[in-house]
Amino acid sequence: MPDLMNKEKQRRNELSYKESTCFTDECYTIFKKYIRQHQALIAYCEKLEEVFNWIILEQVLMFSLLICLDGYQVLLSDAPIRIRLIFSFHIGGCLCQLLMFTYSCDCIIHESMGVSIAAYRAPWPLLSMTTSGRMMQKDLTLVIMRSSVPCCLTGKGFFIVSLETYTNVISTAASYFALLKQRDVS
């Protein structure tokens, strides 16, 4: 009887090993598909950067200048109220456009950095140490290392566009406005 129980236990262990090996192979196959998709998204972001970097630089500089000059027109000129309202609405429009623009770029940064967290939280320690399991762990390490460098859009390489850029533009416009106000007072 104990011999029969040992054979049954051995058969279950073999079945469990085959199932875990199949599970590991399936996981690795799916993981390779995700790696190819991740590589395609990285290439897409690089292409976006290549196409739009000049436009981004011009947009951010133009918004900064417009916000500054509109602020000057609203607060310092002797123009009628309706002209001031027009410039106030224009400032609001510029701020909204810049916010939408920088928010979408900021989302790219955060989502690309989230890949490493998601890869690390995957159940990779539960996989069996077959060839596929070892390859998956090695590839996971590479994915985590690569995704620690976020995908981002820049203004021709001068600055990374994010929500921090939005606050910097507002700060810069306020500085320019203060400079114009100081010059106007003198």
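Extending each Cα 7 Å along its Cβ direction at LEU179 and MET129, get the distance between those two points in nm, one decimal.
So the two model labels end up 6.3 nm from each other.
Note down the relative contact order for the chain as a percent, whole number, built from C-alpha pairs under 8 angstrom at least six residues apart.
Averaging sequence separation for qualifying contacts and normalising by length gives 34 percent for the chain.
Just the C-alpha atoms of segment 50-103: what Rg/Rh do they give, with Rh taken as the Kirkwood radius?
Dividing the radius of gyration by the Kirkwood radius yields 1.09.
Could you give the length gained by full extension between ILE55 and ILE30, i.e. 0.36 nm per residue of separation minus their alpha carbon distance, to one decimal place? Numbers along the way, then the final one.
Numbers: separation 25, 0.36 × 25 = 9.00 nm, distance 3.77 nm.
Gain on extension, ILE55 to ILE30, equals 5.2 nm.
What Cys residues in the chain are without a partner cysteine, judged by a Cβ distance under 4.7 Å?
So far as the 4.7 Å Cβ criterion goes, CYS22, CYS27, CYS68, CYS94, CYS96, CYS105, CYS107, CYS152 stand without a partner in the chain.
Based on the Cβ-Cβ distance from GLN37 to PHE89, what FRET efficiency comes out when R0 is 35 Å, to the nearest 0.05?
It comes to 0.25.
With the calculation restricted to Cα positions, what are the radius of gyration and Dmax of segment 2-185 in angstrom?
Spelled out, the Cα radius of gyration and Dmax of segment 2-185 are 27.7, 102 Å.
Once each part is reduced to its C-alpha centroid, what is the distance from segment 146-186 to segment 71-98 in angstrom?
20 Å
Each reported figure results from applying straightforward, stated rules to the coordinates on display, with no laboratory input. Since we're looking at a predicted model, the values are computed, not measured. Note that each Cβ is placed from the backbone with ideal geometry, even for glycine, and that neighbours are counted across all protein chains shown.
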